[in-house]
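The values are calculated or read from the model by the stated rules, or taken from the named source; none is laboratory data. Just so you know, these numbers come straight off a predicted model, no measurement behind them. Glycine also receives a Cβ, built like all others from the backbone with ideal geometry; neighbour counts cover every protein chain displayed. Just the protein is used for accessible areas: all its heavy atoms, side chains included, with ligands, DNA and RNA removed. Shrake-Rupley method; radii C 1.70, N 1.55, O 1.52, S 1.80 Å.
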Amino acid sequence: MKYGALPLTRLIEQFASLPGIGRKTAQRLAFYILTLTKEQAQEFAGAILDAREKIKYCSVCRNYTDQELCEICGDPVRDKSTVCVVEDAKDVAAFERTREYRGLYHVLGGLISPMDGIGPDQLFIKELLQRVQEGTVQEVIMATNPTVEGEATAMYLGRLLKPFGVKVTRLAYGIPVGSDLEYADEVTLFKALENRSEL
């Protein structure tokens, strides 16, 4: 839908360009922005610019931070012998919500995907190898998504890490808690059987 006012069209298009935002949601957000006072709109725009300017990569794990070290890497009580390798910062947030994992992370910044033109050199793999080489890390947990790209990336990293003598593990896959077996697909059932543990 075209609007006479070009600034409104542009605003809708900017919202629509965000991941997970469809055209209708983009329109709703744009119209909401128009209800803000000038001060509120400036505060909103300022928060975006401020985040863009001040947030950078943690010098150790490549998570987002406004400091040299992120909060997790700077925490003295975290288990520095375990590193959980994830695709992006959203995955760190997901693990942290569980409040169970007490080790460190390493954010790859994507997955190896030749179809999309993403090779190992475009990810933070070299930095992971440097961390492991320092000798503190004893286990690396591959926590990439169970997709073709996620599996390929995990296998590639596993081969690279093998010479360092660290334990390399992969997240277990299986039946989600609270679901019925009859609705599970074959791959999920197979992974659940394969990754079964002793009671």
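Computed quantities for the displayed model
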read-out: Share of carbon and sulfur in the accessible heavy-atom surface of the chain [1.4 Å probe, %]; value: 57
read-out: Length released on extending from residue 193 to residue 122, taking residue separation times 0.36 nm less the Cα-Cα span; value: 22.0 nm
read-out: Neighbourhood net charge (10 Å Cβ-Cβ; Lys/Arg +1, Asp/Glu -1) for residue 104; value: +2
read-out: 10 Å-binned pair-distance histogram of segment 49-156 (Cα, whole percent); value: 14, 47, 32, 7, 0
read-out: Rounded to whole Hz, the Karplus (6.51, -1.76, 1.60) HN-Hα couplings of segment 71-85, x for glycine and proline; value: 4, 6, 5, x, 7, x, 8, 6, 6, 7, 8, 10, 10, 9, 8
read-out: The chain: proportion of alpha-carbon pairs further apart than 28 angstrom, %; value: 46
read-out: Spatially proximal lysines relative to residue 126 (Cα-Cα < 25 Å; intrachain offsets below 8 disregarded); value: 54, 56, 80, 90, 162, 167
read-out: Residues listed by number, segment 24-60, amide nitrogen under 15 Å from residue 16 label point at 7 Å toward C-beta; value: 24-31
read-out: Where the chain is the region considered: accessible area per residue in Å², 1.4 Å probe; value: 70
read-out: Fluctuation leader among 29, 160, 108 - the chain, Gaussian network, Cα springs under 10 angstrom; value: 29
read-out: For the chain, share of DSSP beta bridges that run antiparallel, in % to the nearest 5; value: 20
read-out: Segment residue 164-residue 37, length gained on full extension (0.36 nm per residue, minus Cα span); value: 40.0 nm
read-out: Under the span-like rule (Cα at least 18 Å along the axis, Kyte-Doolittle mean at least 0.0), DSSP H helices of the chain; value: 148-161
read-out: Amide H contacts of residue 168 (H built 1.01 Å from N, under 5 Å, at least 5 apart or other chain); value: 140
